[in-house]
1. Looking at the range 93-108, I want the residues that are more than 15 Å from residue 57 (Cβ to Cβ) and have a partner that is modelled with pLDDT of 90 or more with Cβ atoms under 6 Å, at least 6 apart or on another chain. Which pairs are those?
2. Scan 65, 84, 130 and give me the residue that is open to solvent by 60 Å² or more (accessible area, probe 1.4 Å) and either modelled with pLDDT of 90 or more or in a loop (DSSP other than H, G, I, E, B) (or both).
3. Out of the range 97-124, which residues are open to solvent by 10 Å² or more (accessible area, probe 1.4 Å) and among the small types (Gly, Ala, Ser)?
Amino acid sequence: MRAFRALTVTAAACAAIGLSIPFASANPAGGPPGPGGSGGPSNVTVNPYSVHQGSVMQVSAAGCGHGGVVFSQGQFPQTNLSAGSVGFATVRIFNHASPGHHTLSVKCHDNSLVATHRFTILEGNGAQGGIGGSFGPSATETAIGAGLVGSAALGAGAHVMRRRRPIRGRV
């Protein structure tokens with residue numbers, strides 16, 4: 001039981017570190033604002049970091065008080081960034097975008113500085129929302145499910161055999 005607890009804690013720690021990577025890898029550009037106004041976009045983040053072809057991704061950036069644009073050549077169309085202390089944009093990845101690591105750029109309307117951030121496009125379509133999440137299990141998922149059902153059946157059989165009461169007259 002102790003090994004299971006240690007494994008669970010280790011897995012949770014690895015997941016927390018893995019989920020924090022997109023936030024830690026933001027590439028601020030511009031530095032602090034100068035006397036002429038905005039210092040340009042900074043603290044660019046994407047959510048999710050890895051996105052399927054045809055799916056949407058949220059982009060946010062600080063420092064674009066009058067709004068701006070988000071673009072990545074060939075991966076999604078240029079999209080407007082909302083105005084405010086932190087601007088937001090929702091971009092839709094092209095269905096034909098090439099899988100792999102890519103860079104997006106953020107440029108404010110009131111400044112010529114550009115900030116960049118990396119993201120990953122995954123091959124294939126994302127979950128089909130509204131249709132139950134997917135069209136069917138893969139071969140791997142089917143094998144795992146069959147293994148779990150078989151393990152449960154063996155465990156139940158062993159439990160019944162151990163708990164079986166002896167027939168009268170037999171010891």
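The values are calculated or read from the model by the stated rules, or taken from the named source; none is laboratory data. Since we're looking at a predicted model, the values are computed, not measured. Quick reminder, even Gly has a Cβ in these numbers, built from the backbone with ideal geometry, and neighbours come from all protein chains shown. Just so you know, the surface numbers come from the protein's heavy atoms only, side chains and all, with ligands and any DNA or RNA stripped out. Shrake-Rupley method; radii C 1.70, N 1.55, O 1.52, S 1.80 Å.
1. Listed pairs, sorted by first residue: 107/68; 107/69; 107/114; 108/68.
2. The match here is 130.
3. Once the filter is applied, which keeps residues that are open to solvent by 10 Å² or more (accessible area, probe 1.4 Å) and among the small types (Gly, Ala, Ser), the range 97-124 yields 98, 100, 105, 112, 124.
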